Structure formats: structure tokens, C-alpha cells
Amino acid sequence: MHSLKKNTIYGKDYVSVYGAGTSNSEFEAMTGNTMKFFPSGSNVYQQFMHDSTFSLPSYLKGLGYSTVAVHPSSGQNWNRTNTYKSMKFDRFITIQDFKNPEYVRYISDKESYKKVIELYEEKEKDTPFYCFDMTIQNHGGYLTNTNWENPVYVKGSYYQEAKEFLSATKVSDDAFKYLIDYFEKQEEPTIICMFGDHQPSIEIEFYEEIMKKGESDWNLQDVQKRYITPFIIWANYDIEESKNAVISNNYIENLLLKQAGIDLPLYNQYIEKVSASIPAMNVNGYMDDDGIWHNYDSKEEPDTIKELLKK
């Protein structure tokens with residue numbers, strides 16, 4: 001990923017979950033809604049989805065796209081089967097649709113990318129295609145003692161969970177190259193966006209060593225570092241490059257739509273207005289123009305921010 005520069009946007013994506021809760025990150029990314037406005041500890045897919053949910057797939061479907069979701073595990077996880085119907089996906093590919101797949105802990109990232117390519121090649125030639133692929137290879141827990149051919153680890157440390165996660169991430173990086181290499185050769189204009197759902201629940205000592213202080217001493221700026229995941233947008237045509245972008249997960253669909261040259265829906269136009277004053281926000285707080293994080297509803301919160309959030 002780090003070697004990609006041409007037609008690539010790379011940076012930090014602030015999500016609202018840590019260690020678990022993948023579907024809440026999916027929800028933010030595909031609706032533009034932030035978990036800040038939901039009850040603490042809630043899961044949107046299981047508690048708040050209805051017959052129809054305005055989302056990226058439903059919007060693109062209205063523009064003539066075929067829409068497919070892929071998850072190489074059970075469709076019942078996080079109520080995805082019902083949720084994806086609500087979001088108006090045409091099809092949902094689950095573990096039952098993978099025949100003799102490669103496993104790296106779970107069904108591998110490369111195997112899920114092969115399925116994406118297969119679906120792309122099967123689509124009608126003149127029909128635009130949107131696919132959401134929720135990979136599972138690097139899912140926790142991280143004490144499976146996987147025998148890695150080329151393990152990645154912190155020298156001089158005994159972080160076994162971190163070793164497994166980092167080693168699996170390297171395999172994911174190789175798989176991402178496989179995906180990019182394929183679409184680089186395609187003539188049809190294509191965008192690939194990848195983002196992390198959350199950081200892994202691995203040894204707290206690993207995080208404390210990185211932060212150079214114990215968890216009990218972390219302030220809001222420190223806590224938010226555990227809610228960063230990397231994101232990357234790559235296209236096989238010219239887009240404006242960036243290597244230090246900073247967004248939050250509820251803004252990622254706007255960034256994606258703009259690179260595709262697709263008009264923002266009315267709601268997303270308001271989200272774009274919010275992002276001009278609040279460049280990142282999540283369940284913990286919001287970032288100002290100087291990159292400083294603030295708690296919601298603090299005494300220092302400007303009236304302009306209060307009004308944007310209220311609306």
C-alpha cells in the first residue's frame with residue numbers, strides 16, 4: 001500500500017469502534033452517519049435497520065449500478081443478510097458461495113478479491129458495478145499460533161497477539177497488490193477504496209509502549225490514536241493524489257463519490273458542509289481545523305459547531 005502514489009489517496013480514517021463492532025464501521029462508511037448520534041454501546045445493524053435505509057448502494061442502484069455485497073463468512077453475522085436487503089444490494093455473496101477457498105486463519109483476503117474479480121467479469125458490459133467486500137482474514141482473536149512463512153513482529157518483544165495481527169496484515173498487503181494489479185489492466189474506469197473497520201484487540205502493553213504511557217494516563221488525543229485505521233483510495237485513471245489525508249469514517253463515502261465524479265445526494269451535501277468545519281468526528285469527539293480533538297458539548301464548544309451538530 002505504501003508504495004502506491006499515482007492516482008492514490010492515502011491517510012487516516014477515524015472510526016467509532018475499537019477491537020470489535022465491525023458493522024458499525026460499515027454503517028458509517030455506507031450511510032455517512034456517525035455513531036455519535038446513536039446510544040452508547042448500540043449496534044445499528046441489529047437494532048435500528050428498517051425496510052429501507054438510504055445508503056451508498058441504494059443511491060448508486062438508483063443511478064443504474066448493479067450492487068453486490070461480499071462477506072466470506074456467515075450472512076447472519078451482525079444481521080447482514082437483512083441489513084443488506086435494507087440497503088438495496090442486488091446480491092449478497094457469503095461463505096456458501098466460495099468453493100474450496102484458500103484459508104489464512106479464515107477465508108483469505110486474496111480469495112475474497114478473486115470473488116470480486118469474478119463478479120466484475122460476470123457483470124453486464126455497459127452496467128456500472130458497485131461491490132462492497134467485507135474481508136475476514138484478520139479477524140480476532142490473535143492467539144492461534146499460526147505458522148507464518150514470513151512473520152512480522154516487534155524485535156525483542158513477546159507480543160504474540162501483535163505478531164499474529166502484523167503478520168496477517170502483511171499477507172493482506174500482498175493480496176491488495178493482487179487486486180490492484182488486476183484492475184490496473186482494465187480499461188473500464190475503476191476505483192478501489194479500502195479502509196479498516198477498527199484496530200485489533202491485542203496486548204494493551206503493545207499500545208502502551210507505542211504511546212509511551214500507561215492506558216490510565218491517556219487523554220482524549222491519546223485515546224483517539226486507537227481509533228485510527230488506514231484508508232486508501234486508488235483509481236486506474238487520473239485523480240488528485242494525497243498521502244496525508246485525514247478523515248473520519250462517516251466522510252469516506254463523500255470522498256469516494258467525488259473521485260468518481262458522481263453528484264452528492266442532498267444529505268451528503270450537508271455532510272460535506274459539516275466536514276469543512278469538523279474535518280473528523282467519531283463516537284469520542286470531534287476534531288477542529290488545527291487537528292485538536294474535543295469532547296462534545298464542552299463549555300468551549302463554539303456555537304457554530306453546536307449548530308452544525310444539532311442540524
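Would you mind telling me the antiparallel percentage of the DSSP bridges in the chain, rounded to 5? Taking every DSSP beta bridge with both residues in the chain, the antiparallel ones total about 60 percent. Taken as Cα centroids, the range 4-20 and the range 68-83 sit 23 Å apart, rounded to the nearest whole angstrom. For A245 and K311, a Förster radius of 25 Å and the Cβ-Cβ distance give a FRET efficiency of 0.50, rounded to the nearest 0.05.
For the range 78-146, a crude dipole built from +1 on the beta carbon of Lys and Arg and -1 on the beta carbon of Asp and Glu, taken about the Cα centre, is about 240 debye to the nearest 20. Using the Cβ-Cβ distance between Q221 and K125 with R0 set to 51 Å, the FRET efficiency from 1/(1 + (r/R0)^6) comes to roughly 0.55.
The amide H of Q199, built 1.01 Å from its N in the peptide plane, has G19 as neighbours under 5 Å, considering only residues 5 or more places off or on other chains. From most to least packed by mean Cβ count within 10 Å, the peptides 271-282, 209-220 give 271-282, 209-220. Helices of the chain meeting both criteria, an alpha-carbon length of 30 angstrom or more along the long axis and an average Kyte-Doolittle score not below -0.5, with helices taken as full DSSP H segments, are 160-184. Specify whether the C-alpha gyration tensor of the range 169-276 places it in the rounded, prolate or oblate class, a ≥ b ≥ c being the square roots of the eigenvalues: rounded for a/c under 1.5, otherwise prolate if a/b is larger than b/c and oblate if not. It comes out oblate by the Cα gyration axes. For trypsin sites (Lys or Arg not before Pro), the sites in the range 118-156 that DSSP calls loop and that have at most 11 other Cβ atoms within 10 Å are K125, K155.
Using the Cβ of I95 as centre and a radius below 12 Å, the other residues enclosed give a net charge of +1, where K and R count +1 and D and E count -1.
When the helix-only estimate is applied to the chain (DSSP H runs of n ≥ 4, each -39,500 (n - 2.57), divided by the residue count), what is the mean residue ellipticity at 222 nm, nearest 500 deg cm²/dmol? Write down the numbers at each step before the final one.
Numbers: 11 runs with 110 residues, N = 311.
Calculated mean residue ellipticity at 222 nm is -10500 deg cm²/dmol.
Label positions at Y158 and D51, each projected 7 Å from the Cα along the C-beta direction, are separated by 5.9 nm.
Taken about its Cα centre, the chain carries a charge dipole of about 320 debye when Lys and Arg each add +1 at the Cβ and Asp and Glu each add -1 at the Cβ. Note on I204: accessible area is roughly 50 Å² with a 1.4 Å probe, heavy atoms of protein only. Kirkwood hydrodynamic radius computed over the chain comes to 20.6 Å, based on all pairs of distinct alpha carbons.
Rounded, prolate or oblate: which one fits the range 39-82, using the alpha carbon gyration tensor with axes a ≥ b ≥ c (rounded when a/c is under 1.5, else prolate when a/b beats b/c, else oblate)? Display every interim value, and only then the final one.
Working: a/c = 2.77, a/b = 1.40, b/c = 1.98.
Oblate.
Here's the picture: a label point sits 7 Å out from the Cα of Y270 along the beta-carbon direction, and within the range 14-38 the residues with their amide nitrogen under 12 Å of it are 33.
The values are calculated or read from the model by the stated rules, or taken from the named source; none is laboratory data. Predicted model only: the values in this text are computed from it and were never measured. Cβ coordinates were reconstructed from backbone atoms using ideal geometry, including for glycine residues, and neighbour counts include every protein chain displayed. These area figures cover heavy atoms from the full protein model, side chains too; ligands, DNA and RNA do not enter into them. Shrake-Rupley method; radii C 1.70, N 1.55, O 1.52, S 1.80 Å.
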